[in-house]
Amino acid sequence: MVKFSAYSLMISSFTPFHSIILKTPRRFSRNIPFNHSTKSRVASYYQNVELHTEDMMGASRYLPPLFSVAPMMEWTDNHYRTLARLISKHAWLYTEMLAAETIVYQQGNLDKFLGYSPEQHPVVLQIGGSKLENLAKATELANAYNYDEINFKFVPFLNMILFTFLLLCIFFSLMHFLFSVFNYCSCPKTSCGCPSPKVAGHGCFGVRLMLDPKFVGEAMSVIAANTNVPVSVKCRIGVDDHDSYNELCDFIYKVSSLSPTRHFIIHSRKALLNGISPADNRRIPPLKYEFYYALLRDFPDLTFTINGGINSVVEANAALREGAHGVMVGRAAYHYPWQTLGHVDTAIYGAPSSGITRREILQRYQEYGDSVLGKDGNNRPNIREVAKPLLNLFYSEPGNGLWKRKADSAFMHCKTMKSFFEETLVAIPDSVLDAPIAGGVPSGREDLFANVHDFLPPQYQAREEEALYA
């Protein structure tokens, strides 16, 4: 018997996964000051925000993006975002990066790539690409899905990457045919000539973004011209030796001057292009939070979200107390969803605790999971794919290890989420399943941004002619 089958719970029916078009656009100004307390942050947002009349419904529906979950390839898919929204009602969620070419070439199959359930709002679509015509068309096609924002990630040399990918597909297909016992082929199932959204950016997610700010400005203008929602750019603070604060400011100044972009998400490390792995690029370059806070000083008309090295709501609140407009958290929100997202609504937004338990969340997720299994054909998504985000839900709790071992076994034969939970949840004590959300005190470094304002670089002076036309 499934462990929550006897638990009395009234829940609203979960909308099955499919494309649901919400006709009301959501546009609002993001240029607002934030105070230190959680409640005053939200209150000041709505006191200062300038709402367009037609966007009143959308703007009042969602709280501002004080906390967002970073876009992460193979992680922030529909399944993870569904779980994340069940845990936190107010965190802003991002899709995986989706290549503009994929959207353009898959016009007959857009629900697979762009569809999501309306419960996920607020949700941001991240698009990557290097051709303006494809970015324009992809943005236009995405409008029907009513994302709350479009975020751009520059993917240079995309055609070369895709050509290499196709050659690898052919090679591994031949190897699979000749040596099928070894199961060499692992290429994503996409039509010939259609770029894979997962492979297109491996090792190239915006790492050269700052070396071509003119193109980024043009791309943002094209994207903004084809959508009625806000647009944003996610970038690092530098690339290789192009890592001075003035060069960062030149980039911000040029992009914001050449386009309607008013929101920048700043990863507070530079990128190294000398062949190190993406994982090392998240670890080796030092964090320079002082660059981020200097941007707040030097570009008061823009909105900046800080990203990089922030691993808990305690550290997110520390950033907000020092004046950050918003905070983006990546791997901590995926690896520790209960410990991280479970505190966002109360600690960041000052909302009362929902009191929801993991048992309740899993019951709702079961409804979602059983509604999407096999929806794409060829048994995709399968149990393993749908249950993947759940594997971190019991991190550090009693029974976690046994739960994962049972899950590995259940992936081999379970056909429904109901049967999967019946087989695996016996490993988790009732005291864990029934513990309310946001219990205990979150951990983290409250001093992560201590004295950051003492180390700000000299104030930027825009060199207009040089910055715009160099």
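The values are calculated or read from the model by the stated rules, or taken from the named source; none is laboratory data. Since this is a predicted model, take the numbers as computed values, not measurements. Cβ: placed from backbone, ideal geometry, glycine included. Neighbour counts: every protein chain shown. Just so you know, the surface numbers come from the protein's heavy atoms only, side chains and all, with ligands and any DNA or RNA stripped out. Shrake-Rupley method; radii C 1.70, N 1.55, O 1.52, S 1.80 Å.
Quick look at the numbers
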read-out: Under Karplus coefficients 6.51, -1.76 and 1.60, residue-wise ³J(HN,Hα) of segment 410-422 in Hz, glycine/proline x; value: 5, 4, 6, 9, 5, 10, 9, 5, 4, 5, 4, 5, 4
read-out: In order through segment 317-331: 3J(HN,Hα) via Karplus (6.51 cos²θ - 1.76 cosθ + 1.60), integer Hz, x for Gly, Pro; value: 5, 4, 5, 5, 4, 7, x, 4, 6, x, 10, 10, 10, x, 4
read-out: Residues of segment 358-434: accessible area per residue with a 1.4 Å probe, Å²; value: 44 Å²
read-out: Entries in Lys234/Lys288; Lys89/Lys270; Lys234/Lys404; Lys89/Lys415; Lys254/Lys288 that, when Cα-Cα distance is taken, lie over 27 Å; value: Lys89/Lys270; Lys234/Lys404; Lys89/Lys415
read-out: Theoretical gain in end-to-end length, Asp301 to Asp447 [0.36 nm per residue, Cα-Cα removed]; value: 49.8 nm
read-out: Derived scalar couplings ³J(HN,Hα) [segment 377-385; Karplus, 6.51 cos²θ - 1.76 cosθ + 1.60; whole Hz; x for Gly, Pro]; value: x, 6, 6, 10, x, 9, 4, 4, 5
read-out: Tensor-based shape of segment 87-132 (alpha-carbon gyration tensor, a/c under 1.5 rounded, otherwise prolate or oblate); value: oblate
read-out: Sites Asp430 and Leu287, calculated FRET efficiency, Cβ-Cβ separation with R0 41 Å, nearest 0.05; value: 0.50
read-out: Accessible area expressed per residue, segment 236-326, with surrounding protein chains retained (probe 1.4 Å, Å²); value: 34 Å²
read-out: Whether segment 358-434 is rounded, prolate or oblate, judged on the alpha carbon gyration tensor where a/c under 1.5 counts as rounded; value: prolate
read-out: Förster-model FRET efficiency, 25 Å R0, Lys415 and Leu391, C-beta, rounded to 0.05; value: 0.85
read-out: Coil-residue trypsin sites (Lys or Arg not before Pro) of segment 333-404, DSSP, other Cβ within 10 Å capped at 15; value: Lys375
read-out: Cα-based shape type of segment 273-395, given that a ≥ b ≥ c are square roots of the gyration tensor eigenvalues and the cut on a/c is 1.5; value: oblate
read-out: Apportionment of accessible area to carbon and sulfur, segment 358-434, percent (1.4 Å); value: 47 percent
read-out: Length-normalised contact order for segment 266-424 - Cα pairs under 8 Å, 6+ apart - percent; value: 15 percent
